[in-house]
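The values are calculated or read from the model by the stated rules, or taken from the named source; none is laboratory data. These numbers come from a predicted model, not from an experiment. Cβ: placed from backbone, ideal geometry, glycine included. Neighbour counts: every protein chain shown.
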Amino acid sequence: MTTSTRLWELSDDIQTLESAITLIQDNQDLSDEEQEIQLEETFNQWLETGESFKEKAEKLAGYIRHQEALAEARKNEAKRIQTLAKQAENGAARLRKYLVAQMVRSDVKKIEGVTVKIGLRKKQPSVLINVEPEKLPAEYVKVSYKPDLTAIKKLLKSEAVEWASLSDGQEYSVTIR
């Protein structure tokens with residue numbers, strides 16, 4: 001069983017770093033580039049003061065895990081709330097459909113209530129396509145193109161082409177367990 005670092009267990013210097021980062025990110029007067037420069041300077045300065053790099057990296061990794069767990073919990077809560085919202089929308093749609101059917105059946109076009117006004121109107125007819133989209137005349141079809149980046153990357157590893165290239169920058173990732 002893995003244990004996650006809790007916010008109250010983090011050292012003051014991590015909380016100080018987070019506060020400094022938040023202040024920079026919330027500063028509306030800075031451009032994105034200026035924010036990025038200040039964030040990097042703040043982080044470098046934090047790494048160079050006080051404890052050793054290894055100790056700070058461990059604390060920072062613990063805090064990253066905490067932030068990732070917080071993000072995951074928020075995503076799960078958002079999914080739960082989205083499900084509830086969808087249920088409410090579906091219930092309202094069913095009731096609306098029932099109301100329309102009953103108004104049509106009763107031949108009632110308008111209701112002037114105390115708190116609401118209800119009006120029944122006929123919708124525009126929908127377009128029904130009776131053939132496969134490929135069999136439609138060209139002027140009635142929208143075509144979009146999307147590059148197959150996986151295939152292009154595979155091609156670029158074996159040969160050079162003038163219409164694409166691989167990025168020069170080396171990117172790294174870190175594993176925290």
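Among the residues in segment 74-91, are any touching a residue at least 12 places away in the same chain (Cβ under 8 Å) and of a type outside the set (G, A, S)?
No, the conditions are met nowhere in segment 74-91.
Examine segment 143-163 for a residue that is closer than 30 Å to E18 by Cα and surrounded by fewer than 10 Cβ atoms within 10 Å (Cβ to Cβ), and state whether such a residue exists.
no
Determine if segment 105-128 includes at least one residue that is of a type outside the set (A, V, I, L, M, F, W, C) and surrounded by 10 or more Cβ atoms within 10 Å (Cβ to Cβ).
Yes: segment 105-128 contains one or more residues that are of a type outside the set (A, V, I, L, M, F, W, C) and surrounded by 10 or more Cβ atoms within 10 Å (Cβ to Cβ).
Quick check: anything in segment 52-60 closer than 30 Å to T16 by Cα and more than 34 Å from the chain's Cα centre (by Cα)?
Within segment 52-60, one or more residues are closer than 30 Å to T16 by Cα and more than 34 Å from the chain's Cα centre (by Cα).
Can you tell me which residue among L95, L84 is over 23 Å from the mean Cα position of the chain (by Cα), hydrophobic (A, V, I, L, M, F, W, C) and farther than 30 Å from L17 by Cα?
So the residue among L95, L84 that is over 23 Å from the mean Cα position of the chain (by Cα), hydrophobic (A, V, I, L, M, F, W, C) and farther than 30 Å from L17 by Cα is L95.
Only one of (1) among the aliphatic types (A, V, I, L, M); (2) over 31 Å from the mean Cα position of the chain (by Cα); (3) loosely packed, with under 10 Cβ neighbours inside 10 Å fails for A101. Which number is that?
In the conditions (1) among the aliphatic types (A, V, I, L, M); (2) over 31 Å from the mean Cα position of the chain (by Cα); (3) loosely packed, with under 10 Cβ neighbours inside 10 Å, A101 misses (3) alone.
Can you name the condition, by its number, that I111 falls short on among (1) in a strand (DSSP E or B); (2) under 30 Å from E18 (Cβ atoms)?
Looking at each condition in turn, I111 falls short on (2).
Could you run through segment 21-56 and say how many residues are at pLDDT 85 or above and of a type in the set (G, A, S)?
1
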